[in-house]
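What follows is a single structure, written as structure tokens, with notes after it.
The values are calculated or read from the model by the stated rules, or taken from the named source; none is laboratory data. Keep in mind that what you see is a predicted model, and the values were worked out from it rather than measured. As a convention, Cβ positions derive from the backbone with ideal geometry for all residues, glycine included, and neighbour counts pool all protein chains shown. Remember, those area values only see protein heavy atoms, side chains included, never the ligands or the DNA or RNA. Shrake-Rupley method; radii C 1.70, N 1.55, O 1.52, S 1.80 Å.
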Amino acid sequence: MLQTLYSYFWWERLWLPANLTWADLEDRDGRVYAKAADLYVTIPLAFLFLVVRHLFETYVATPLAGLLNVKEKIRLKAAPNPVLEKFYAATTKHPKQADVELLSKQSGCTVRQVERWFRRRRNQDRPSLLKKFREASWRFTFYLLAFIAGMAVIVDKPWFYDLREVWKGYPIQSMLPSQYWYYMIELSFYWSLLFSIASDVKRKDFKEQIIHHVATIILISFSWFANYIRAGTLIMALHDSSDYLLESAKMFNYAGWRNTCNNIFIVFAAVFIVTRLVILPFWIMHCTVVYPLDLYPAFFGYYFFNFMMVVLQSLHVFWAFLIIRMAQKFITGKARGGKWGKLPPGFAAVVEDERSDREETDNSEEEEEAAAKNGPLSNGHPVLNNNHRKTD
């Protein structure tokens, strides 16, 4: 049965144009072609990425956070309370008013104390500023290096300047060593993001992030074994061109460098819109939808690849809406407080943008006294004589 399923899955009519078979893509005469089996190496490489990431965050990102004076907010811990803790862990982190009143009777606390306990307990579970900075540093480093590497791979190729060259001779297109490593590294990185997404900082677009990672992995994998490599390298480099800007804006946001963060975010917004809403749909997708039909009739692989491109493009439109809304707040001065540097939670100081999980505040007198006494924290240590406040 498994053999039958395997045969159906790799049926040439699904993945290749008519009159072509997998035998046509076997290595011969010094020409090397992409093979599906090559992708197996990306799984162990993904785990290697996780190890490298841990080392990078420990020995590079953490000292860098100290140099940039990344400051933690003071967080008051919720007092030990077995009744409230059991409800928090087993039922919900956000009790309704009826639950609060019932818990008040069961725990011997007042309603206000129960509400305060849940606020503090939720804040304890939220990721620290240092964790966010370390993640942003890691992604910034990878995306920047990947963009540079991607440009080095494609900038001297004829299809970078003439998209019709993408399909010249397809699918009998020999693979280059640079293309092999570019694909393996990119795919391994996205596998590592998928493996670590549960432990990473959770954003409000968590589901969209999972869809994006899965769609990206499927697209890269399919474009590899169907020999859409030329188109694939263009698409990956295009995506990396703006991602490192967003991560650098986040880093400066967490470090409190508001003006730098805001300026980078404006550049990121412009690059994102041009690459994801103009170049990708009107150049790259036009290339993958229209030009192949000049060479062969449409087949399942053609429809499948372009369907996944539409999925990615839909996510780009969703994120572009958030970015444009935030950029509009910069330009019109309608951000919170009417100031350039204070925006709603997230994208970077950006911005405390629409994707962030906002930390709750508690304005009780005892907390204000504690904050005044202890002051903000920098990497877990109190910072004296600091009157600046930032939110993320």
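For Glu85, the accessible area of its heavy atoms, probed at 1.4 Å with every protein chain present, is near 60 square angstrom. Over the stretch 226-306, the reciprocal of the mean inverse Cα-Cα separation, the Kirkwood hydrodynamic radius, stands at 14.6 Å.
If you sort Ile220, Ile185 by accessible surface, 1.4 Å probe, largest first, the order is Ile185, Ile220. Counted residue by residue at 0.36 nm each, then reduced by the alpha carbon distance between them, the extension gain from Tyr40 to Phe9 reaches 9.5 nm.
Here is the link list: Lys77/Lys250; Lys71/Lys329; Lys132/Lys204; Lys73/Lys96; Lys71/Lys131. Which ones come out longer than 21 Å on Cα distance? Flagged as over cut-off: Lys77/Lys250; Lys71/Lys329; Lys73/Lys96. Between Asp156 and Met1, the FRET efficiency from the beta-carbon distance, with R0 = 41 Å, is close to 0.30.
For chymotrypsin sites (Phe, Trp or Tyr not before Pro), the sites in the stretch 149-215 that DSSP calls loop and that have at most 15 other Cβ atoms within 10 Å are Tyr161. Taking all protein chains as they are arranged and a probe of 1.4 Å, the heavy atoms of Lys86 leave approximately 150 Å² accessible to solvent. Among Met1, Pro44, Ile74, whose Cα lies farthest out toward the positive end of the dipole of the stretch 1-85, if unit charges sit on the beta carbon of Lys, Arg (+1) and Asp, Glu (-1)? Farthest towards the positive pole: Ile74.
Rg/Rh, computed from the Cα trace of the stretch 2-107 with Rh as the Kirkwood radius, has the value 1.33.
Remark on the stretch 124-219: Rg and Dmax equal 17.2, 58 Å (Cα only). Binning the C-alpha pair distances of the stretch 82-125 at 10 Å intervals from 0 yields a P(r) profile of 31, 65, 4 %, listed from the shortest bin outward. You can think of it this way: the chain between Val310 and Trp22 has 101.0 nm of extra reach, that is 0.36 nm per residue less the Cα-Cα gap. Normalised by the number of residues in the stretch 82-125, the mean separation of alpha-carbon contacts (under 8 Å, six or more apart) gives a relative contact order of 38 percent.
Of Phe304, Phe225, Phe265, the residue with the largest accessible area leads and the full order is Phe304, Phe225, Phe265 (1.4 Å probe).
Centroid-to-centroid, using Cα positions, the stretch 1-36 and the stretch 285-328 are 25 Å apart.
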